[in-house]
Structures are given as C-alpha cells and as structure tokens.
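Step one of this worksheet: look at the structure below.
The values are calculated or read from the model by the stated rules, or taken from the named source; none is laboratory data. Just so we're clear, the structure is a prediction, and the values are computed from it rather than from any experiment. For neighbour counting, all protein chains shown are included, and Cβ atoms are generated from backbone atoms with ideal geometry for every residue, glycine included. Note: areas computed on protein heavy atoms with side chains; ligands, DNA, RNA excluded. Shrake-Rupley method; radii C 1.70, N 1.55, O 1.52, S 1.80 Å.
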Amino acid sequence: MLFSLITILTGFIGLTLMTRLLSPFEYGEWNFINGLFIYSLSMIPIVSYWLKREIARDSESARTGIFFSGILSIVGVSIYLLVSFVFDTSTDSNFETLLFASILIPMLFIFEIFRAISIGRKPEFATYANVMVSSFLMIFVIFFVYFFQFGIFGV
C-alpha cells in the first residue's frame, strides 16, 4: 500500500514536471505518441500473461518468454511505424520524433516481460518496479528536459 502511494506521488510529480517543462505542442505530441503505442503494445499480454503462470509453477520459461517478446517487439515496431506514418500525414507532428519514439517499444516489451517474470517469482517485486519506474521518470524529466532542454526527445 505504501509503495503504491509512493508510485502515485512520484508519477504525479513527473507528469507535473512534464506539463510545466514542455511546450504545449510537445506535450500534445507526447500524448499522441502514447496513443500510437497502444497499437503496437497490445501484443504484450500474449506472452506476459502465460509467463507469469509458468514461472509461478517453477517452469523454466523465462528465456522462451524473453525470446518471443523480442520477436513480438519487432512486429510491434513495424506496426508502430506503419501507424505513425499513416497518422503523420494528417497531423502536425514531427515524423523524426515519432521515429525516435519507436526505440521505446522494445524496451517496454522487455520491461513487461521482466515484470511478468518477477511477478511469477515474487509478486511484491512488481510494486517495487512501479516505484522505480515512476522515480526514474521524474529524475530523467528533470535531468534531460530541465537541465539539457532536450524537449520531447528528453522525455
């Protein structure tokens, strides 16, 4: 319960920093990118749902899950690039920013697979991971957006 509250607090601080440090256009573009991620990240539960169950039953499925997640992340990046190309023509977004954001998709796939593995072994680790992710988000936003002024690329 305490770690969930810490996650909410750090996530709120990180989101507040983003709204204050990014221009309205960049913040809108960040939300647009997150909306496009839905199309490519919808395949993550295919592996992570069953991997949690297999790991909890002491099956050695972690390597297979990581490998299959890597294959699905390639498919996810392809879907993301296709969808972002289609939507780029109808919006004012910068295609270079959309292209750069595709780097996040394999990272999110791997993060969710490692999270599923940790939930299968010790379920309390998922809460610790959420605290770490929201804390790192807050730190990276301050570091890259405020100090280095990378804008949307820093997020």
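Per residue, the chain exposes an accessible area of 62 Å² to a 1.4 Å probe, with every protein chain left in place. Figure note: M132, M1 ranked by solvent-accessible area, largest first, 1.4 Å probe, ligands and nucleic acids not counted: M1, M132.
Calculated mean residue ellipticity, 222 nm, the chain: -25500 deg cm²/dmol, from DSSP H runs (n ≥ 4) at -39500 (n - 2.57) each, averaged per residue and rounded to 500.
Where the only charges are on Cβ atoms (+1 Lys, Arg; -1 Asp, Glu), what is the dipole of the range 82-155 about its Cα centre, to the nearest 20 debye?
Values: 3 positive and 5 negative charges, 85 e Å.
Using only the charged Cβ atoms, the result is roughly 400 debye.
Given a 1.4 Å probe and every protein chain left where it sits, what share in percent of the accessible area of the range 25-146 is carbon and sulfur?
On the way: 5070 of 7210 Å².
Carbon and sulfur: 70 percent of the exposed surface of the range 25-146.
I74 contributes about 110 Å² of solvent-accessible surface, heavy atoms of the protein only, 1.4 Å probe. Other residues within the sphere of radius under 12 Å centred on the Cβ of S84, judged by their own Cβ, net out at -3 (K and R +1, D and E -1). Considering only F100, F109, F125, the mean-square fluctuation computed in a Gaussian network model of the chain, springs between alpha carbons under 10 angstrom, is largest for F100. Taking the Kirkwood radius as Rh and the Cα radius of gyration as Rg, the chain has a ratio of Rg/Rh equal to 1.01.
Given Cβ point charges of +1 (Lys, Arg) and -1 (Asp, Glu) and nothing else, what value in debye, to the nearest 20, does the dipole of the range 1-141 about its Cα centre take?
Values: 8 positive and 10 negative charges, 119 e Å.
The calculation lands at about 560 debye.
Calculate how steeply helix 62-88 sits against the longest principal axis of the alpha-carbon atoms of the chain, using the helix alpha-carbon long axis, and give the answer as 0 to 90 degrees to the nearest 10. In the chain, helix 62-88 runs at an angle near 20 degrees to the longest axis. Name the shape class, rounded, prolate or oblate, that the alpha-carbon gyration tensor gives for the range 105-155, where a ≥ b ≥ c are the square roots of its eigenvalues, rounded holds for a/c under 1.5, and otherwise prolate holds if a/b is larger than b/c and oblate otherwise. Because a/c hits 1.5 or more and a/b fails to exceed b/c, the range 105-155 counts as oblate.
Just going by the charge dipole of the chain, with Lys and Arg at +1 and Asp and Glu at -1 on Cβ, which of A62, T7, I142 is farthest out on the positive end? Farthest along the dipole direction, towards plus: A62.
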